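The values are calculated or read from the model by the stated rules, or taken from the named source; none is laboratory data. Here the structure is a predicted model, which is why all the values come from computation and not from measurement. Ideal geometry is used to build each Cβ from the backbone, glycine not excepted, and the neighbour counts take in all protein chains shown.
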Amino acid sequence: MSVISSPSQASPADAGAELCPPDSPALIDASCRLPLVVLFLAAAVWLVIGSAFALMASLKFHAPGFLADSAWLTYGRVHPAGLNSMLYGFCIPAGLGVALWLLARLGHARLARPGLVTLGAVCWNLGVALGISGILAGRSTGFEDLEMPAYAARVVFLGYLMIVLWAVLTFQQRRERQLFVSQWFLFAALFWFPWINSTANLLLLTFQVRGIAQAVVAWWYSDNLLVVWFGLVGLAAVFYFVPKLTGRELHSRYLALLTFWMLILFGSWGGIPRSAPVPAWMPISSAIATGLGLITIIAVGLNVYQTLGGQCSKLWSHPSLRFIGFGVVAFVVVGLIRAAGALSEVSHATQFTWFTVARGMLNSYGFFTMVILGAIYYIAPQLMGAEFPSAKLVTAHFWTAAAGILLFVVPLAVSGVVQGLKLQQPSIPFADIAHGTLPFLRASTTGDLLIALGHLMFLANLAGLVIRFYRARVASAWASATAQIKPVEARA
Amino acid sequence: MKYGPLVFLAAFFALASSWCGFVLTPQLQIGRLQQTNTLGGAAATYPVAWPGLARQGMEVYRANGCVYCHSQQVGQTGTVVDIALADAGTNLTATVAALLSLADAATNQSADLTPLPALELDKSNPTDTNLLSGLPKAFFRSPSPQDANAALQALNATSAKAQLWIVPVGPDIARGWGKRRSVAEDFLFDSPALPGSQRVGPDLADVGTRLPNPNWHLLHLYAPRLQVKGSIMPPYRFLFEQRKIEHRPSPDALVLPADLAPPSGYEVVPTPAAKALAAYLISLHADAPLFVAPLTVATTHAAPATNAAPASEAATTNAPPAPAPAR
């Protein structure tokens, strides 16, 4: 990649023959259309599948015997299947789709090789389908957030490489040499995932390390994925869409730069739980890094707040902004909770409880999924050149999703703290503690239900948009095909 | 940061540092961990590889996601020292007097000692040598190795043979979930290592000590609420087979109460997977005394001399400095 000193001179100096003026947004959107439609639609389907699994798992706390007689649908398989559908079915591919579009738009360059990106997306989804069925069939690896069996993990990895190779090429072929903050985040994210994923898969599934070192690698992987990768992609979208949709400048590049450095430096050191049966320096360094993560949170909160000019009501001006605004709030809350967890008193009271589940859900759902959904609600109409079939459904999705997340996270967090405090008192029998969590778990089923409902709305709306577009295309192609015949005949 | 290569280098540096920290260094430190010896007279190699059936059971445990509800790691908040008598010596009166003066010191708080039930019970009748029956038993507990050592010397001065027992403490240990904290060594032969992150159900690190009967586990897997009242664990009936009794009932058939029993002429037998899982569960122990997580294995109530011997040796090897406990 050539280094240019001034962005204004960049275009002529840099690319010489290859370089033409910046591609128009319409051209860029056209190049992104097919791969992004495949990525987003498949992601929406996985979202619905994932929430169906989550609902099934949640119902088992109402009646333990519910669907228990089938090995494929036992809690210990349905639960990870749901998490993996969410994580690898929705979060990563949808995040990649948003990343591709942002990289193309910010670089004013068409997406490189859309056909091959589409192939990569298909490969990824095939891998996820293999992986989820593997988990249901009892071939889970047992490592949290990395349950997919080795054969499926390889296909997924290949799919990722096939997408990201062209994303990097798109980045390199950018016409606008000056980098916007989102591009740092995205570019780092692009190669973060292959590194952590290949490390984890090689050391856990292929050349397995011994004993508890496996768990350390697994913790490192899931922290790097859920904190750093999600943070990089999610914040890239936040820093792009908040200024764009409010029509204001991003408040501070330097705060964004600080966020970037803090996230990659300290975010990547979290993850080893306080209680872990490993040498003490590991959980301690994790706790310190997590505490320093507070800087990231403050920098993001401040930057977004200042960008809005202190008027949070601006977030209601665009449906996408609502989702993204919710995501930013969730990001800040999760960050604060995580930083509080660096204190040993807090971590002792919350370890092994539903609190950690609530925190994880608030991160992957409240923050990442909401931001990405907001981005898709903006990007998809651009790609299709048409609005979503139902604007009301978008609003309804926001409210069901927001209510669903709150109804899911709050009861679990409360129940987790109660559970944790009781676990510290040996005089309380364990059976009582387990029973004490049930009302909260049952309340969280409502949240699961609402979230699932929201996902159905999203899928219906997105599918409607895509079907309308391609139907119109087919119709016009058909019309032009049939129209062409006449002049030819006439001439003949 | 205007340039792509710079962003790349920044990210590369950050991830490389984290990779060295949490992937490479753990490999060097605990990835090459070897078997060790347990402390005490009957030093044994620890851990030992899983017996075949238990190894298969670990696969069943992994495949069915038991780890999402059960952790396998015991926590420990600290270590205390118990002052115990192994032998009352020849001058019983002096021994009792020494014990009582220590009890006074404990009440006056001039020494950091807590009297244990063994002492409290007989306080009403102090001259009774019943106080000294059923040795070895612990009389005081102290968080301070210095005070414990002083008490030890006071008792030994009376020709009695006193010992210091190292006792890990914490809520998990008080619940009977284990004898000491879990350490890296415990997971040496686990593949995958499943320390777990949730306690929807109880911790299983030491379940083999707590519930050593495989039949208990089989019944519990088939009908959890039969064994644990109000359990929220789902039943695992797909690990069992209901089949027609051929010539004679299988010896493995579950003994079920009337409401769960199969129709007459049928029996419920565990599949090999269920048997393997039960074998795995009963082989889970977290009570081996290790250098990194010391404890004194001893029976606190009347025990045959043969059992007491390793305990006393364990105590003498560990006692003098009351070595730096886990935390």
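A few comments on the model shown:
- Filter result (surrounded by fewer than 22 Cβ atoms within 10 Å (Cβ to Cβ) and within 11 Å of chain B (Cβ to nearest Cβ)) within region A:415-433: A:421, A:422, A:424, A:425, A:426, A:427, A:428, A:429, A:430, A:431, A:432, A:433
- Complete set of residues in region B:165-183 that are outside any strand (DSSP E or B) and surrounded by fewer than 24 Cβ atoms within 10 Å (Cβ to Cβ): B:170, B:171, B:173, B:174, B:175, B:176, B:179
- Candidates in region B:267-306 are the residues that are among the small types (Gly, Ala, Ser) and modelled with pLDDT under 90; of these, the one that is surrounded by the fewest Cβ atoms within 10 Å (Cβ to Cβ) is B:305.
- No other residue among A:183, A:172 is surrounded by fewer than 21 Cβ atoms within 10 Å (Cβ to Cβ), touching a residue at least 24 places away in the same chain (Cβ under 8 Å) and under 22 Å from residue A:234 (Cα atoms) apart from A:172.
- Residue A:67 satisfies every condition listed in (1) farther than 21 Å from residue A:371 by Cβ; (2) in contact with a Phe, Trp or Tyr (Cβ under 8 Å, 6 or more places away or on another chain); (3) not acidic (Asp, Glu) except (2).
- Tabulated pairs, region A:422-445, first over 30 Å from residue A:405 (Cβ atoms), second of a type in the set (Gly, Ala, Ser), C-beta under 8 angstrom, 6+ apart or interchain: A:426/B:174; A:431/B:230; A:431/B:231
- Counted residues, region A:243-259 - those being within 21 Å of the chain's Cα centre (by Cα) and over 13 Å from residue A:302 (Cα atoms): 3
- Selection within region A:59-85 - among the hydrophobic types (A, V, I, L, M, F, W, C) and either over 25 Å from residue B:60 (Cα atoms) or not in a helix (DSSP H, G or I) (or both): A:61, A:63, A:66, A:67, A:68
- Meets criteria (within 9 Å of chain A (Cβ to nearest Cβ), in a helix (DSSP H, G or I) and not basic (Lys, Arg)) for residue B:56: no
- Residues of region B:49-82 that are among the small types (Gly, Ala, Ser) and either free of Cβ contacts under 8 Å to residues at least 12 places away in the same chain or out of contact with any Leu (no Cβ under 7 Å at 6 or more places or on another chain) (or both): B:49, B:52, B:54, B:63, B:65, B:71, B:75, B:78.
- The set of residues from region A:434-466 being of a type in the set (Val, Ile, Thr) and either within 9 Å of chain B (Cβ to nearest Cβ) or within 30 Å of residue A:384 (Cα to Cα) (or both) comprises A:437, A:451, A:466.
- If the condition is being part of a helix (DSSP H, G or I) and facing chain B (nearest Cβ under 9 Å), then region A:173-184 contributes A:181, A:183, A:184.
- Lone unmet requirement of (1) out of contact with any helix residue (DSSP H, G or I) (no Cβ under 6 Å at 6 or more places or on another chain); (2) under 30 Å from residue A:100 (Cβ atoms); (3) in a helix (DSSP H, G or I) for residue A:386: (3)
- Considering residues of region A:127-172 that are in contact with a Gly (Cβ under 7 Å, 6 or more places away or on another chain) and part of a loop (DSSP other than H, G, I, E, B) only, the residue farthest from the other protein chains (Cβ to nearest Cβ): A:148
- Members of region B:248-292 found to be more than 21 Å from residue B:225 (Cα to Cα) and among the β-branched types (Val, Ile, Thr), listed by number: B:292
- Unique residue being surrounded by fewer than 21 Cβ atoms within 10 Å (Cβ to Cβ) and either facing chain B (nearest Cβ under 7 Å) or not aliphatic (A, V, I, L, M) (or both) when the list is A:220, A:195, A:229: A:195
- Entry remark, region B:57-116: residues being buried (at least 20 other Cβ atoms within 10 Å of the Cβ), small (Gly, Ala, Ser) and under 25 Å from residue A:416 (Cα atoms) number 3 in total.
- All conditions in (1) surrounded by 20 or more Cβ atoms within 10 Å (Cβ to Cβ); (2) of a type outside the set (S, T, N, Q); (3) assigned to a helix (DSSP H, G or I) hold for residue A:314, with the sole exception of (1).
- Residue in region B:2-48 that is farthest from residue A:216 (Cα to Cα), counting only those that are β-branched (Val, Ile, Thr) and in contact (Cβ under 8 Å) with a residue 12 or more places away in the chain: B:38
- Subset of region B:204-244 that is closer than 22 Å to residue A:435 by Cα and among the polar types (S, T, N, Q) - its residue that is farthest from the other protein chains (Cβ to nearest Cβ): B:227
- Scanning region B:42-56 for residues that are within 21 Å of the chain's Cα centre (by Cα) and surrounded by 15 or more Cβ atoms within 10 Å (Cβ to Cβ) gives B:43, B:46, B:47, B:50, B:54, B:55.
- Condition broken by residue B:206, with the remaining ones in (1) surrounded by fewer than 20 Cβ atoms within 10 Å (Cβ to Cβ); (2) closer than 30 Å to residue B:119 by Cα; (3) not polar (S, T, N, Q) satisfied: (1)
- Filter pass, residue A:190 being assigned to a helix (DSSP H, G or I), within 12 Å of chain B (Cβ to nearest Cβ) and in contact (Cβ under 8 Å) with a residue 24 or more places away in the chain: yes
- Screening residue B:198 with (1) within 27 Å of the chain's Cα centre (by Cα); (2) of a type outside the set (Lys, Arg); (3) not in a loop (DSSP other than H, G, I, E, B) gives one miss only, at (3).
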